[in-house]
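As structure tokens, the structure follows; a few thoughts come after it.
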Amino acid sequence: MNYTVSTIEKIDERFDFNNTSKYIKSIQLSLNGFSYIATNPDESTHLALRHYDFGTEIPIKRLIDIVADLFKNEDILAGYHNHINLSFVSRPWAMVPEMLFNKNNINKLLDINYKADEFSDAAYCKIPGSNIIIASRIPTKLVNLLDDKSSKLNIIPHQAAFLYNGLQTLKHNNHERAFFMAVHDHFFELAYFKENEIKFYNNFPYNQYADVLYYTLAAMEKLEVSPAHSSLFLQGNDLVKEIIPNEIKKHIKNVYLDNQLYKEQYTYHFDQLPMYKYKLLTGIYRCGS
């Protein structure tokens, strides 16, 4: 089956193709692409990364056909797996303090802004290192498909992985406060952390980079944070490398590509990759392990 315009792969020499089922697969899915890392659970070392770029947004049915084909024919994904972490990039989300969380109310919370349909399930998890539960939606047929491929399937809201990565970057860089942005096709996420706590999260649609700047500055104004004295870490698609930083730097003092992995073991091959595009995968792994 031909379904990509490009494929990126980095595989360590230590990767054992004769025993692929033992590796934890952490998967990031969207209507535009499919990415995953394979991790040796004994050493917590990421040994392989692959990214399939579809080139354009595709229908859910087509995405499910592609996933089914990959898990049937791809050399790493074919067969049965011990552990899969799955994340689907989309806008629906809800956030609740752990002490107030009731799993029976997840759909009610999500329905406030994002109505469910017959093709969607609710998923939730706790953000490691916090007292926050975050929920999102994922296509039911994807869950059913991969549930048959693994003895342990964790559904991870991608928002949880993004926020976990933000907490880790904040601690590593000894910042008391900072903003984090993840840019996807058609929408972007924005979070604000202060003193190792999540103070703000939301996501916004955009048609051009001016929309990103508008929502970002509006959020800073609402939070009463001065852009001239703020730090912003960027990850996501290629817009975060050139266009968005050039515009945002006119208003925000410190803008960084969030390109490093902290407290992670990984193959040296990953150093050859723009990790700001794939960092979400490491957060998916940590939230699901």
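The values are calculated or read from the model by the stated rules, or taken from the named source; none is laboratory data. The model shown is predicted, which means the values in this text are computed figures rather than measured ones. When we count neighbours, we look across all protein chains shown, and the Cβ atoms used for this are built from the backbone with ideal geometry, even at glycine. Remember, those area values only see protein heavy atoms, side chains included, never the ligands or the DNA or RNA. Shrake-Rupley method; radii C 1.70, N 1.55, O 1.52, S 1.80 Å.
Dividing the C-alpha radius of gyration of segment 161-289 by 2.2 N^0.38 Å, with N its residue count, gives 1.00. For segment 231-289, a crude dipole built from +1 on the beta carbon of Lys and Arg and -1 on the beta carbon of Asp and Glu, taken about the Cα centre, is about 180 debye to the nearest 20.
Model label points for GLU224 and GLN272, set 7 angstrom from Cα along the Cα-to-Cβ axis, are 5.1 nm apart. At a 1.4 Å probe, what is the % contribution of carbon and sulfur to the accessible area of the chain? Summing carbon and sulfur atoms, their accessible area is 46 percent of the total for the chain.
Using Cβ point charges alone (K and R +1, D and E -1), the dipole size of segment 1-119 about the Cα centre works out to roughly 360 debye.
Here r is the Cβ-Cβ distance between ASP111 and ASN246 and R0 is 51 Å; the resulting FRET efficiency, rounded to 0.05, is 0.85. Using R0 = 51 Å, the C-beta based FRET efficiency linking ASN102 and SER6 works out to 0.70.
Only Cα pairs within less than 10 Å get springs; with that Gaussian network setup on the chain, which residue of TYR114, TYR164, TYR276 has the largest fluctuation? Taking springs between Cα atoms under 10 Å, the residue moving most is TYR114. Between helix 279-288 and the chain there is an angle of about 70 degrees, using the helix long axis and the longest principal axis of the Cα atoms.
Among the listed pairs LYS126/LYS149; LYS149/LYS199; LYS25/LYS141; LYS103/LYS253, those with a Cα-Cα distance over 30 Å are LYS149/LYS199; LYS103/LYS253. For segment 1-81, the solvent-accessible area works out to 44 Å² per residue, with a probe of 1.4 Å and every protein chain left in place. Fully extending the segment from ASP238 to LEU145, taken as 0.36 nm per residue of separation minus the present Cα-Cα distance, adds 30.4 nm.
For LEU257, the amide hydrogen comes within under 5 Å of the amide hydrogens of LEU234, counting only partners 5 or more places away or on other chains and with H modelled in the peptide plane.
Given R0 = 41 Å, the distance between the Cβ atoms of ASN196 and ASN18 translates into a calculated FRET efficiency of 0.45. With protein chains left intact and a 1.4 Å probe, residues in segment 97-168 average 50 Å² of accessible area per residue. Think of each Lys and Arg Cβ as +1 and each Asp and Glu Cβ as -1; about the Cα centre, that makes the dipole of the chain roughly 500 debye.
When the chain is modelled as a GNM with alpha-carbon springs shorter than 10 Å, which of VAL89, VAL143, VAL183 fluctuates the most? Highest fluctuation among the options: VAL143.
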